[in-house]
Amino acid sequence: DIMLHGVPKPCEKCGGGVKYEDGTYSCTAWFDEFTRCQFKTITWDRVAFKKPEDTGNEYIDKFKFKKTAIPKAQTKEQEQAQEFVKEKQEKELQKAMAKEAREKTKKEEEPADPNTC
């Protein structure tokens, strides 16, 4: 991935390394021993891959780097998938809020039983 597409630029929040996995770029750094950097994005800039002069591997030594972009169709598909997930989460939240409101009004409408007071 790095040889074909370039090296992802460092994280804008903490300066840590950014990796590309499953269609998203995410930071691999930790702020402290308990807190991981939460940076994630679908698109991210990359810089050219610089290979050492002699790696000891004939294939890699002969490799000619030519930066290629990740296909826009793939990026668009990832954006659509994330948008779908976001819409689904919003609908679930709206359902939960509506259910909570119904339960609240139901409790308010119930007449008080004089025998239980």
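The values are calculated or read from the model by the stated rules, or taken from the named source; none is laboratory data. Model, not experiment: these values are computed from the prediction. Neighbour counts run over all protein chains shown; Cβ positions are idealised from the backbone, glycine included. Just so you know, the surface numbers come from the protein's heavy atoms only, side chains and all, with ligands and any DNA or RNA stripped out. Shrake-Rupley method; radii C 1.70, N 1.55, O 1.52, S 1.80 Å.
Details
- Counted residues, segment 10-31 - those being of a type outside the set (Val, Ile, Thr) and in a loop (DSSP other than H, G, I, E, B): 12
- Residue list for segment 32-55, filter: within 10 Å of residue 8 (Cα to Cα) and part of a strand (DSSP E or B): 46, 47
- Residue in segment 80-103 that is open to solvent by 100 Å² or more (accessible area, probe 1.4 Å), modelled with pLDDT under 85 and polar (S, T, N, Q) present: yes
- Some residue of segment 36-56 being out of contact with any Asp or Glu (no Cβ under 8 Å at 6 or more places or on another chain), at pLDDT 90 or above and not charged (D, E, K, R): yes
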